[in-house]
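One structure below.
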Amino acid sequence: MRVKAVIAYDGSAYFGFQKQTSTSQTVTYAVEKALKSLQINSPIVGSGRTDAGVHASGQVIHFDLPEFWTDLEKLKLHLNRKLKEIQFKHITRTSNDFHARFSAKKRLYRYVFKTKQPSVFEEKYISYYPEFNTELLEKALKTFEGEHDFNYFHKTGTLTHTTVRNIYQTNYMERNGYHTIYFQANGFLRSQVRMMVEAALLCARQELTPEQLQEQLTCKKKHVTKLASPQGLYLARILY
């Protein structure tokens, strides 16, 4: 039986979502180890990868259960007892052809930051950027909307048949001193969101011009290679 699970995790405790040969401290390794302890030997498949330090409040995974596991609430309880910094929010039955990555229609990321230095209790979960121009930030974010070739907006090493992505919507909001940027798209390249955030905030601080941003977006000239810090980034929701 195939199941779909929504999980949340504290990315500061792991070196990313995907398995790695150099370390076992990844989300996938931890989840699969917990599953094996419950006689579930299926690998997990995620809706997408997250970098080291990046969090998730709505990552979706799928895996296959042996026939004797019928009580999904009990399974969720056991998994949450075994895991640290990872929480299973929901586990539901799904069709056998469901695929956490390829069945996804939209992905939503949010980036949270403050213009004042985060406290010691916040520094793993919120990024810091000095004062900026809100109007310029919103204008820069709107530049990303639509279908573009993001070949100049991803980390090298991306394995994909195309670098074209469709950004359906961008948003910015501020509440009680916390600033949040939202991106909704059909998919993202490796570290694409972090590079877009960095570029947009450089525009908002007048360290990058709208013309330079457009040059990079049209793959004419690369002006920004730095990534926004991972602490403020969250994989928020996957839509199917």
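Here is how the numbers come out for the structure above:
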{"item": "DSSP-defined antiparallel bridges as percent of all bridges, the chain, nearest 5", "result": "90"}
{"item": "Charge dipole magnitude, Cβ of K and R +1, D and E -1 - the stretch 1-145, Cα centre, debye nearest 20", "result": "260"}
{"item": "Proxy reagent accessibility, fewest Cβ within 10 Å first, across THR163, THR21, THR70, THR143", "result": "THR21, THR70, THR163, THR143"}
{"item": "Amide proton proximity set for LEU233, modelled H, under 5 Å, gap of 5+", "result": "HIS55, VAL112"}
{"item": "Unit charges at the beta carbon, dipole of the chain: most positive-side option, SER12, PHE68, SER47", "result": "PHE68"}
{"item": "Cα-based helix-to-principal-axis angle, 72-82 vs the chain, degrees rounded to 10", "result": "70"}
{"item": "The chain: angle of helix 27-36 to the longest principal axis, Cα-based, in degrees nearest 10", "result": "10"}
{"item": "Cβ-based exposure ranking for MET196, MET173, MET1, in which fewest neighbours within 10 Å come first", "result": "MET173, MET1, MET196"}
{"item": "Phi to ³J(HN,Hα) by Karplus 6.51 cos²θ - 1.76 cosθ + 1.60 over the stretch 222-231, Hz, x for Gly, Pro", "result": "8, 10, 10, 10, 5, 9, 4, 4, x, 4"}
{"item": "Selected from THR160, THR28, THR134 as most flexible by GNM, with the chain as the system and alpha-carbon contacts under 10 Å", "result": "THR160"}
{"item": "Given charges at beta-carbon only (K, R positive; D, E negative), |dipole| of the stretch 106-239 in Debye", "result": "420"}
{"item": "Cα centroid separation - the stretch 46-113 against the stretch 20-40, whole Å", "result": "13"}
{"item": "Ellipticity estimate at 222 nm from DSSP helix runs (n ≥ 4, -39,500 (n - 2.57)) divided over the chain, nearest 500", "result": "-6500 deg cm²/dmol"}
{"item": "Globularity ratio of the stretch 2-93, using Cα Rg and 2.2 N^0.38 Å", "result": "1.00"}
{"item": "0 to 90° range, to nearest 10: angle between helix 192-204 axis and the chain longest Cα axis", "result": "30"}
{"item": "Average Cα contact separation per residue, the chain, under 8 Å, 6 or more apart, as relative contact order %", "result": "25"}
{"item": "Leading residue at positive end of dipole, the chain (Cβ point charges), from GLY146, SER22, ALA204", "result": "SER22"}
{"item": "Set of lysines near LYS36 by C-alpha distance (under 23 Å), chain-local residues within fewer than 8 positions excluded", "result": "LYS4, LYS19, LYS74, LYS76, LYS82, LYS84, LYS89"}
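None of the figures in this text is laboratory data; all of them are computed from the coordinates on show. Computed from a prediction, not measured in an experiment: that's the story for all the values here. Here Cβ is always computed from backbone atoms with ideal geometry, including for glycine, and neighbour counts include all displayed protein chains.
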